[in-house]
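K.L.:
Below is one structure. I have some questions about it.
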Amino acid sequence: MKSFAAIAATMSVLASPVLASDELTVAYFQEWPMPFQYGKAKGIYDERLGVTVNWVAFDSGTAMSAAMAAGDVQIAISQGTTPFIVATSAGQDLRAVGIAVSLSDNDNCVVASRLEIDKDSASELAGKTVALPVGATVHYTFLKLLQHFNLDPASMTLVDMAPAEAAAAFEQGSIDMACGWGGALNRMKESGNVLLSGAEKEEIGILTFDLTTTTGDFAAEQPQLLADFVATTAEMNAMWTAGDRRDEMLPVIAQDAGMDPEAAAAVIDGFEFPETEAQLSQKWLGGGLASYVEGVATMFYDLGNIPSVQDSYAEFVDLAPL
């Protein structure tokens, strides 16, 4: 993984060339199954947008930012919040135009079962040891959890560990609390319990999500094309969420993601795809997103991971397409 300094150094602000009238390039991730892939595989985007959509797979959100800065990509779907925050903090003119997926149950902190500590006895965490990847968004989740439970972070011993290493140490009983995501989080849960569920975290403003992003130039030059893209994506999400076409959609999504249907189902069933009205609400693009980004950016700055922060991140959130 690149250092924050190296990431920021790549975020030079370049002018995006005017889009060719008959093509659009969109960045996405392989092995990250989402409803849009049904529309991608079936040619629905090309039909609705009236242009050829070139889909390019990336292995990191940082690479997506760099490709948009170079003008090679116009839209990125499911870009992580950390690369978005690093890029915009460095001055890149990216715009968040949608919540691609909510992952609140896929990013959390787990307390060892042997301690018998839950949300009603969280004060007992004082003096305990926690392992987490310092500077990752789950670090921000941890700090917000402590804030919610009126706990001073200085009262705990923090060990910087990648989620996989933290899960192993947690299982061995050498640490009391661990934070992570994905498969590592699932392993942590085998030896402990979460203090708050994903839904409970969202209720107190702790969000975990990926974004649909674009450049400021593209949003200004191609507003209708951008609106058509997010509308088509919303249609695919609604089709999936309704559930009655799951058997039809899942094999197509899985194949496009490079996964077998069972593996794809295990991932996508942990995702939530907020409907348009919800995305426009105060919780998300209506205010909560900018506030969350500012909070995480401030944490990164305080930790020395990024050299500067923006006065406000509201300008990097664009509600117009939705």
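K.L.:
Outside the structural domain of residue 304 (by the TED database), under 25 Å from residue 83 (Cβ atoms) and open to solvent by 50 Å² or more (accessible area, probe 1.4 Å) - does that describe any residue in region 169-182? Walk me through it before giving the result.
P.N.:
Let us first name the residues in region 169-182 that are outside the structural domain of residue 304 (by the TED database), namely 169-182.
Checking the rest, the ones that are also under 25 Å from residue 83 (Cβ atoms) come to 178-182.
Those still in the list that are open to solvent by 50 Å² or more (accessible area, probe 1.4 Å) too: 181.
For region 169-182, residues outside the structural domain of residue 304 (by the TED database), under 25 Å from residue 83 (Cβ atoms) and open to solvent by 50 Å² or more (accessible area, probe 1.4 Å): present.
K.L.:
Can you tell me which condition residue 286 does not meet? The list is (1) open to solvent by less than 20 Å² (accessible area, probe 1.4 Å); (2) outside any helix (DSSP H, G or I); (3) not hydroxyl-bearing (Ser, Thr, Tyr), and all the others hold.
P.N.:
The failed condition is (1).
K.L.:
In the same structural domain as residue 214 (by the TED database) and outside any helix (DSSP H, G or I) - does that describe any residue in region 43-50? Steps first, answer last, please.
P.N.:
Within region 43-50, the first condition is being in the same structural domain as residue 214 (by the TED database), and the residues that meet it are 43-50.
Next, from what is left, pick out any that are outside any helix (DSSP H, G or I): 43, 50.
Checked against the condition, which is being in the same structural domain as residue 214 (by the TED database) and outside any helix (DSSP H, G or I), region 43-50 yields at least one hit.
K.L.:
Taking only region 246-277 into account, find how many residues are in contact with a Ser or Thr (Cβ under 9 Å, 6 or more places away or on another chain) and either surrounded by fewer than 17 Cβ atoms within 10 Å (Cβ to Cβ) or not assigned by the TED database to the domain that holds residue 41 (or both). Spell out how you get there, then give the answer.
P.N.:
Let us first name the residues in region 246-277 that are in contact with a Ser or Thr (Cβ under 9 Å, 6 or more places away or on another chain), namely 271-275.
Those left that are additionally either surrounded by fewer than 17 Cβ atoms within 10 Å (Cβ to Cβ) or not assigned by the TED database to the domain that holds residue 41 (or both): 275.
Residues flagged as in contact with a Ser or Thr (Cβ under 9 Å, 6 or more places away or on another chain) and either surrounded by fewer than 17 Cβ atoms within 10 Å (Cβ to Cβ) or not assigned by the TED database to the domain that holds residue 41 (or both) within region 246-277 amount to 1.
K.L.:
I've got another one for you. So which residues in region 256-309 are β-branched (Val, Ile, Thr) and over 17 Å from residue 210 (Cα atoms), if there are any at all? Outline the logic, then answer.
P.N.:
Pass one, region 256-309, residues β-branched (Val, Ile, Thr): 267-268, 276, 293, 296, 298, 306, 309.
Residues satisfying the conditions are 298, 306, 309.
K.L.:
Can you tell me which residue among 132, 145 is open to solvent by less than 10 Å² (accessible area, probe 1.4 Å) and closer than 16 Å to residue 192 by Cα? Write out each step before concluding.
P.N.:
Working: 145 fails: closer than 16 Å to residue 192 by Cα.
Going through 132, 145 in turn, the sole match is 132.
K.L.:
Return only the number of the condition from (1) farther than 20 Å from residue 40 by Cβ; (2) surrounded by fewer than 19 Cβ atoms within 10 Å (Cβ to Cβ) that residue 227 does not satisfy.
P.N.:
For residue 227, the exception is condition (1).
K.L.:
Now, a different point. For residue 274, which of the numbered conditions (1) in contact with a strand residue (DSSP E or B) (Cβ under 7 Å, 6 or more places away or on another chain); (2) not aliphatic (A, V, I, L, M); (3) not in a loop (DSSP other than H, G, I, E, B) fails to hold?
P.N.:
Unmet condition: (3).
The values are calculated or read from the model by the stated rules, or taken from the named source; none is laboratory data. From a predicted model like this one, the values you see are computed outputs, not experimental measurements. Ideal geometry is used to build each Cβ from the backbone, glycine not excepted, and the neighbour counts take in all protein chains shown. Surface areas here come from the heavy atoms of the whole protein model, side chains and all, with no ligands, DNA or RNA. Shrake-Rupley method; radii C 1.70, N 1.55, O 1.52, S 1.80 Å.
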